[in-house]
1. Could you work out how far the C-alpha centroid of the range 20-42 sits from that of the range 73-118, in angstrom?
2. Take the chain, drop everything but the C-alpha atoms, weight them equally and run the Debye formula without solvent; then report log10 I(q)/I(0) at 0.17, 0.18, 0.22 Å⁻¹ to two decimals.
3. How much mean residue ellipticity at 222 nm does the chain get from its helices, if each DSSP H run of length 4 or more adds -39500 (n - 2.57) and you divide by all residues, to the nearest 500 deg cm²/dmol?
4. If contacts are Cα pairs under 8 angstrom and at least 6 residues apart, what is the relative contact order of the range 2-121 in percent?
5. Tell me which of ALA91, GLY111, GLN19 sits at the most positive position along the dipole axis of the range 2-121, charges placed on C-beta atoms (Lys, Arg +1; Asp, Glu -1).
6. With charges set only on the Cβ (+1 for Lys and Arg, -1 for Asp and Glu), what does the dipole of the chain come to about its Cα centre, in debye to the nearest 20?
7. Within 10 Å of each residue's Cβ, count the other Cβ atoms and sort LYS12, LYS49, LYS22 from fewest upward.
8. Go ahead and run the numbers for FRET between GLU28 and MET8, Cβ-Cβ distance against an R0 of 22 Å, rounding to 0.05.
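We did not get these values from a lab; they are worked out from the coordinates using the rules stated. Small disclaimer: the values here were computed from a predicted structure and weren't measured. All Cβ positions, glycine included, derive from the backbone under ideal geometry; neighbour counts span all protein chains shown.
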Amino acid sequence: MTIVTYGMMVHKSVAAARQLAKEGIEVEILDLRTIVPLDMASVLQSVRKTHRVLVVHEDHEFMGLGAEIASQISDTAFEYLDAPVRRVAGAFSPIPFADPLEQAVLPSEGGLTSAIRELLAY
């Protein structure tokens with residue numbers, strides 16, 4: 001499966017992928033590096049290869065960049081998907097400054113591994 005992500009979520013995605021690799025689950029991580037311009041050609045190439053995609057970002061799921069990426073994947077690569085495009089993002093609340101609160105709001109490695117397993121089981 002493919003994880004499309006950027007920024008801090010790359011590190012959490014890599015940690016989740018390493019944990020799942022021990023179980024024989026292969027995850028391709030696509031680090032966008034830039035969001036403007038958005039490299040949709042690379043995203044679509046990976047989706048055609050893996051047939052499942054998880055979009056991970058630390059912003060809100062509602063109206064966040066992940067929604068745009070998921071929409072473009074659904075619009076242009078629907079026939080290659082074996083499961084719905086899934087998003088994992090920050091909670092719909094202000095992002096707090098205090099580290100313990102920030103960790104509670106942002107996606108976690110455990111949340112990513114759960115989302116990957118659910119998407120693979122679809």
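1. Distance between centres, Cα-based: 13 Å.
2. -0.81, -0.91, -1.34
3. -14500 deg cm²/dmol
4. Averaging sequence separation for qualifying contacts and normalising by length gives 28 percent for the range 2-121.
5. GLN19
6. 280 debye
7. Ordered from fewest to most neighbouring Cβ atoms within 10 Å, LYS12, LYS49, LYS22 come out as LYS22, LYS49, LYS12.
8. Values: r = 19 Å, r/R0 = 0.87.
That pair, GLU28 with MET8, gives E of 0.70.
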